[in-house]
Amino acid sequence: MSFNESCIQGAVSQAQHLNMSTRVATYSPAYTLVPTYECFNRCSYCNFRADPGKSPWLTLAEAEVQLRSLQNQGIIEILILSGEVHPQSDRRSSWLQHIYALCELALSLGFLPHTNAGPLSFDEMARLKTVNVSMGLMVEQITPNLLQTVHRHAPGKQPALRLQQLEQAGELCIPFTTGLLLGLGETEVDRCDTLEAIAQLHQRWGHIQEVILQPYSPGQTEAWLGAAFSPKQLLDTITIARRILPADIALQIPPNLVPQSQLIACLEAGASDLGGIGLRDEVNPDYLHPIDAELAKLLTAADWKLMPRLPIYPQYDHWLSTDLRSAVENWRGKIGGRG
């Protein structure tokens, strides 16, 4: 039995035995499908992208083989994580249709899709909403200074474009995940400004379910090779974020990018979610996910309970179509109504 499956089967009994002093940290049992690694942006810290035309697109047949192998393994979320085809490319519509088809496939096999495919138009988001229970896009940082450095060759990282995506998600009633990439050369003031911008959009639309605080972690294939964001800075940023963001937004930290010795301190500082945990972190492939029982054991020793959740938080279920809501309710029944 897999760790994810074990956690899900034990969720109901765990919930029944939680006492008032035990804190809960959530995670999403997840698997990532990559439609293509090709991307017209060239962020200098990226360990994910391939040049346009240099990454074969994942076929539906290949995806089906992967997904069928995951059935009955405790996986709930299928993260559709794609490189970006240029908005003016004659392949853009085919790319979006392919992502749509992958989401349909995931749903048909009993999974819950969550798509993160870079900035999308309003119409593209509206189309994908029909086959996703939630969607996401990292804001990263809203300071324009990074357009002169790590984002110099990444037109998709224009701050206004990223914030527009969050605005559109609110207008469309899409449960949304966003976040900050920490350590790109931004200042503490820049980080506060980015958090404030997210908070303001949430106060308007109420659609941001979680904010990821992702510390920059050097990889082997990037061009930049900057210094890693320090654990002390991460703790400080969590404290600041918890003060700035509304209380109904969960703070997420990726456990594969945080030293285990600091993980509990991050939770104590205000983080409450460990994100999607699966076989591979496609964005940070040099950092393995802690997918075995040691993560649950670490938390239990500090009076924290690791609990699975869905890629949509319960307060947003009513935003879904009837078919999507039925799929979500089925999973909520399996994990005891939590998450």
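Structure data summary
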read-out	value
Distance from region 134-151 to region 301-339 (C-alpha centre basis), Å	29
Sequence-distant lysines (8 or more away, or on other chains) whose Cα lies within less than 21 Å of LYS297	LYS305
Most fluctuating residue given options ASP51, ASP281, ASP273, as computed from a GNM of the chain linking Cα atoms under 10 Å	ASP51
Per-pair calculated FRET efficiency, R0 = 30 Å: GLU62 and SER326 via Cβ, rounded to 0.05	0.60
Volume per residue that the Cα convex hull of region 168-228 spans, once the total is divided by residue count, Å³	98
Ascending count of other beta-carbon atoms within 10 Å, so fewest first, for GLU268, GLU38	GLU268, GLU38
At q = 0.15 Å⁻¹, base-10 log of I(q)/I(0) for the chain (Debye sum, equal scatterers on each alpha carbon)	-1.40
Leading residue at positive end of dipole, the chain (Cβ point charges), from PRO159, ALA50, ASN72	ASN72
Spread of Cα-to-Cα distances over 10 Å intervals beginning at zero, given as percent, for region 31-136	15, 48, 31, 6, 0
Tail beyond 16 Å, pair distance distribution of region 200-246 (Cα, percent)	55
Between region 208-228 and region 248-269, the Cα center-to-center distance that results, in Å	15
P(r) weight above 27 Å for region 213-339, C-alpha pairs, percent	28
Estimated inter-spin distance, GLN260 and THR187, nm [label 7 Å along Cα→Cβ]	3.9
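No lab work stands behind these numbers, since they all come straight from the coordinates. Model, not experiment: these values are computed from the prediction. Cβ coordinates were reconstructed from backbone atoms using ideal geometry, including for glycine residues, and neighbour counts include every protein chain displayed.
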